[in-house]
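Undergrad: Dropping the structure in here first, questions after.
The values are calculated or read from the model by the stated rules, or taken from the named source; none is laboratory data. Everything numeric in this text was worked out from a predicted model, so none of it was measured. FYI the Cβ positions are ideal-geometry reconstructions off the backbone, even for glycines, and counts take in every protein chain you see. When the accessible area is computed, the model is the full protein with side chains, heavy atoms only, and any ligands, DNA or RNA have been set aside. Shrake-Rupley method; radii C 1.70, N 1.55, O 1.52, S 1.80 Å.
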Amino acid sequence: MSGYSPDFKDVPKTIAARFKPVGKGPFHDVPDAQWYDWKWQLQHRITDIAELGRYINLSPEEIAGHEAGRDVFKIGITPYYVALMDRDDPLCPVRMQATPHPQEMISHPSDMEDPLAEDRDMPVKGLTHRYPDRVLFYMTQDCAMFCRHCTRKRKVANPHTAADDAQVQGCIDYIRRTPSVRDVIVSGGDALAVSDDRLEKILAQIRDIPHVEIIRIATRTPCTMPMRITDELVAMLKKYHPIFLNTHFNHPKEATAEAFAALRKIAGAGIPIGNQMVLLKGINDDAETVMKLNHAMLMMQVKPYYIYQCDPTFGNYHFRTPVSKGIEIIKSLRGFTSGLAVPYYVIDAPGGGGKVPILPEYVKSWENGVIVVRNFRGDEYTYIEPNQD
Ligand SMILES: *Cc1c(COP(=O)(O)O)cnc(C)c1O
Ligand code: SF4
């Protein structure tokens, strides 16, 4: 049995009671030793629509979506994430992130293949260096689950683009000879789609570079395959501190007892966790859902870090919301709930401009040292700046 179990031994009862286990759903025959083993979950990913149809009642759109797009963006869903789905409702927010839809194959003029120009800012294959002091290092193109809204659809789920040893070595050499890099984001795909051994070989080499200060792990596994977070994994990660971890939860339904067990293991190892939500039409594009999600994240010791405006990747059009929606969500969080529950809402500027924060307008006027601000309730207040003569 691997070192993961969804137990809540030392979690206060009042908090534990808020998180319901998903259990095995339609996979009730699978023994615990397999269900809680991430390798079993990965090997038993559902990649075929007929197979998926054995566990949920597929809608005609889901079937048509698969027919239309099977050669473009594959299905890949862990049994755990399937168990979290509503069996009958195709509009289930979990299901919509994982099952295909014919809209994915309709192109729109705003679509781009590589909206963030990640390939342009690649000094070596497999690494994007856009900001002065940090790099994004793609160590695999695999993920536990292939999200339908993925920005990197052009690559993810394509086995021919996996990073080989030579490519990984090229990235590490680049970091070594570039002293301005103090923050390395180990990403993919999903940084935890690889084995502990492979990950450790890479982390050990990065940690050996004197100018590297922090390492970040980018992974959606706490949400889509929480069994990945084993005692062995966190014991290994701890050796390479300071380590941070960013994950990706989009809906309160994903805040399960199983996810909680994974996240508290990470937090218990002294690894701060951030959440990067993507704003998705019909899934989380209302303030109440986001507030509920962010409160659940905080109870699971995760700080909501970013809300991303959905990138203009081909196949994402039906998930995109107007930007006013994101502003409205931030407006209804700020002041009304803990500042800790208020992430930055960002547009990752198409063409490779980087992340730009979008804020509601809190400054009403600013003239001759007199600044008039609006608070969260819309009331106006004046602040007089000090005289600078
Ligand atoms: C998002 C991103 C980072 C990290 O940005 P932070 O704001 O520091 O979290 C770094 N490089 C690239 C290319 C990115 O897209
Ligand atoms: S886990 Fe991340 S990289 Fe992988 S498919 Fe989902 S959004 Fe894309």
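Undergrad: In the structure shown, do any of Lys238/Lys303; Lys153/Lys355; Lys20/Lys265; Lys153/Lys303; Lys155/Lys265; Lys125/Lys155 have a Cα-Cα gap over 22 Å, and if so which?
TA: Where the Cα-Cα span goes over 22 Å, the pairs concerned are Lys153/Lys303; Lys155/Lys265.
Undergrad: Pairs of alpha-carbon atoms within less than 8 angstrom and 6+ residues apart define the contacts here; what relative contact order does region 13-105 have, in percent?
TA: 33 percent
Undergrad: Filter the GluC sites (Glu not before Pro) in region 60-156 down to the DSSP loop ones having no more than 14 other Cβ atoms within 10 Å, then list what survives.
TA: Glu113
Undergrad: Same structure again: Just to confirm the filter: which GluC sites (Glu not before Pro) across region 325-389 are DSSP coil and have at most 15 other Cβ within 10 angstrom of their Cβ?
TA: Glu361
Undergrad: Work out, step by step, the length gained on full extension between Val356 and Tyr344: first 0.36 nm times the residue separation, then minus their alpha carbon distance; give nm to one decimal.
TA: Fully extending the segment from Val356 to Tyr344 adds 3.4 nm.
Undergrad: Percent antiparallel among DSSP beta bridges with both residues in region 96-210, to the nearest 5?
TA: 45 percent
Undergrad: Find which of Ile271, Thr289, Thr256 sits farthest along the positive direction of the dipole of region 249-315, computed with +1 on the beta-carbon of Lys and Arg, -1 on that of Asp and Glu, about the Cα centre.
TA: Ile271
Undergrad: Within the chain, what percent of beta bridges assigned by DSSP are antiparallel, to the nearest 5?
TA: In the chain, DSSP labels about 40 percent of beta bridges as antiparallel.
Undergrad: Then there is this: Placing unit charges on C-beta atoms (Lys and Arg positive, Asp and Glu negative, everything else neutral), compute the dipole magnitude of the chain about its Cα centre in debye, rounded to 20.
TA: 580 debye
Undergrad: Still on this model: If you stretched the chain out fully between Arg18 and Asp173, how much longer would it get, using 0.36 nm times the residue separation minus the C-alpha to C-alpha distance?
TA: Gain in length upon complete extension: 51.2 nm.
Undergrad: So, R0 is 41 Å and r is the distance between the beta-carbons of Lys303 and Ala64; what FRET efficiency does that work out to, to 0.05?
TA: According to the calculation, E is roughly 0.55.
Undergrad: Take the Cα coordinates of region 236-339, assign each an equal point scatterer, and use the Debye formula without solvent to give log10 I(q)/I(0) at q = 0.23 Å⁻¹.
TA: Summing over Cα pairs of region 236-339 leads to -1.20.
Undergrad: Please report the base-10 log of the normalised intensity I(q)/I(0) for the chain, using a Debye sum with one equal scatterer per alpha carbon and no solvent, at each q in 0.10, 0.14, 0.15 (1/Å).
TA: -0.68, -1.33, -1.50
Undergrad: What's the carbon and sulfur percent of region 128-273's accessible surface, probe 1.4 angstrom, rounded to a whole number?
TA: Here it works out to 55 percent.
Undergrad: Same structure, new question: Whole-Hz ³J(HN,Hα) for each residue in region 5-21, computed from phi via Karplus 6.51 cos²θ - 1.76 cosθ + 1.60 with θ = phi - 60°, x for glycine and proline: what do you get?
TA: 8, x, 9, 10, 2, 9, 8, x, 4, 5, 7, 4, 4, 7, 10, 8, x
Undergrad: Per q in 0.22 1/Å, what log10 I(q)/I(0) does a Debye calculation on the alpha-carbon atoms of region 149-247 return?
TA: -1.32
Undergrad: From the alpha carbon gyration tensor of region 13-105, can you work out the equivalent ellipsoid semi-axes (sqrt of 5 times each eigenvalue) and give them in Å, largest to smallest?
TA: 26, 16, 11
Undergrad: While we're here: Just to verify a number: FRET efficiency for Ile371 and Ala287, C-beta to C-beta distance, R0 = 25 Å, to 0.05?
TA: The value I calculate is 0.40.
Undergrad: Shifting gears a bit: Report the gain in length on full extension from Asp164 to Leu91: 0.36 nm times residue separation, minus Cα-Cα distance, nm rounded to one decimal.
TA: So the chain would gain 22.5 nm between Asp164 and Leu91.
Undergrad: With an 8 Å Cα cut-off and a minimum separation of 6 or more residues, compute the relative contact order for region 127-357 in percent.
TA: In percent, rounded to a whole number, it is 16.
Undergrad: Using alpha-carbon pairs under 8 Å, 6+ residues apart, how would you state the relative contact order of the chain in percent?
TA: 15 percent
Undergrad: Moving on. Under the Karplus relation 6.51 cos²θ - 1.76 cosθ + 1.60, θ = phi - 60°, what is the ordered set of whole-Hz ³J(HN,Hα) values for region 30-45, x standing for Gly and Pro?
TA: Computed from phi, the couplings for region 30-45 are 6, x, 3, 4, 8, 4, 8, 9, 5, 5, 5, 4, 5, 5, 9, 4 Hz.
Undergrad: Does a label point 7 Å from the Cα of Asn387, set along Cα-to-beta-carbon, have any residues of region 329-370 with amide nitrogen under 19 Å, and which are they?
TA: Inside the label zone: 367-370.
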